[in-house]
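Colleague: Have a look at the structure that comes next, please.
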Amino acid sequence: IEHRPLYGKHVLVTAGPTHEPIDPVRYLANRSSGKQGFAIAAAAAAAGAKVTLVAGPVNLRTPLGVERQDVESAEEMAKAVRTALPVDVAIMVAAVADWRPRDFKGDKIKKRGSAPPALILTENPDILASVAASPKRPELLIGFAAETNDVVENARKKRKSKGVDWIVANDVSGDVMGGNDNRIHLVREGKVEHWAEMTKQDVAMKLVTEIAERLTEDA
Ligand code: C5P
């Protein structure tokens, strides 16, 4: 048990970007490699948890012992997350597109020689906020926040407005995107921890350690 501190727990992780189709050959997306989310899923599984990983389009191998479900769009991700509940812990790492094209064109949009087509966007569901508001809200709900400035202050606000327990604030002003290292500030109620820059694997292991401690505190 000691070395499998999440044994008996069900952990949900979202990871990667979402792709929002414009037509059959084009999409809108956020930048996200999925590396941090996959590393967290791997670390949780290694700690003995049952892990459900809802992954947007990424080029990564499924970590050992992880049950993976691939999705494309935010709406598909929202549905997969709803289906996965209830869980003990949810860690929402995905870089979900805030908007999607309002109208999906079933046929490829042709170049017209003159003016480029206008894209009309509509808002995507906020998956994290809806999990926070759900009657099946997990005991521990963790959001990520990629910020380029005022990292901690923005994360504090986000923690409150989204109704989550912890925000893992990610300073993406450097070359974090797609890279192997990450710089984290863990924002909890009345408490902020600044972590040294470390690999995404080390961030994952440290976060899983914090989660295990928190779950035993409550037990
Ligand atoms: O508001 P913002 O997008 O910065 O919040 C980031 C957090 O919210 C991340 O945990 C991300 O996975 C989650 N999120 C979500 N659904 C959205 C937008 C963000 O789950 N539509």
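No lab work stands behind these numbers, since they all come straight from the coordinates. Remember, it's a predicted structure, so these values are computed and weren't measured experimentally. Don't worry about glycine lacking a Cβ; one is built from the backbone with ideal geometry, like all the others, and counts go over all protein chains shown.
Colleague: Sequence neighbours fewer than 8 away in the same chain don't count; with that in mind, list the aspartates and glutamates whose C-alpha is under 17 Å from Lys136.
Modeller: Once the sequence-local aspartates and glutamates are set aside, what remains near Lys136 is Asp88, Asp126, Asp165.
Colleague: Hey, another quick one. Lys and Arg at +1, Asp and Glu at -1: add these up for the other residues within a Cβ distance under 14 Å of Val13 and post the number.
Modeller: +2
Colleague: Cα to Cα, under 21 Å, and not fewer than 8 places away if on the same chain: which lysines meet these conditions relative to Lys191?
Modeller: Lys157, Lys158, Lys160, Lys162, Lys206
Colleague: Now a separate question. Name the chymotrypsin sites (Phe, Trp or Tyr not before Pro) in region 1-50 that are in a loop by DSSP and that have at most 16 other C-beta atoms within 10 Å, would you?
Modeller: Sparse-neighbourhood loop chymotrypsin sites (Phe, Trp or Tyr not before Pro): Tyr7.
Colleague: Ranked by Cβ crowding within 10 angstrom, fewest neighbours first, how are Met77, Met205 ordered?
Modeller: Sorted ascending by nearby Cβ count, the order is Met205, Met77.
Colleague: Can you give the longest stretch of the chain with no exposed loop site, where a site means GluC sites (Glu not before Pro) in a DSSP loop (not H, G, I, E or B) with at most 11 other C-beta atoms within 10 Å?
Modeller: Answer from the scan: 3-188.
Colleague: So how do Thr52, Thr14, Thr209 line up by other beta-carbon neighbours within 10 Å, fewest first?
Modeller: Least crowded to most crowded, the residues run Thr209, Thr52, Thr14.
Colleague: Provide Rg and Dmax in Å for region 102-186, with only Cα atoms included in the calculation.
Modeller: In Å, with Rg to one decimal and Dmax whole: 18.5, 55.
Colleague: Please report the net charge: other residues with Cβ closer than 12 Å to the Cβ of Met77, K and R +1, D and E -1.
Modeller: Local net charge: -3.
Colleague: Report Rg(Cα)/(2.2 N^0.38 Å) for the chain, keeping two decimals.
Modeller: 1.05
Colleague: With charges only on Cβ, +1 for K and R and -1 for D and E, what is the dipole size of the chain about its Cα centre, in debye, rounded to 20?
Modeller: Once rounded to the nearest 20, the dipole reads 660 debye.
Colleague: Hey, with R₀ at 25 Å, roughly what FRET efficiency would Lys111 and Arg31 work out to, going by the Cβ-Cβ distance, to 0.05?
Modeller: Once the sixth-power term is evaluated, E becomes 0.45.
Colleague: Counting helices only, and only those DSSP H runs with n ≥ 4, report the 222 nm mean residue ellipticity of the chain as the sum of -39,500 (n - 2.57) divided by its residues, in deg cm²/dmol to the nearest 500.
Modeller: -8500 deg cm²/dmol
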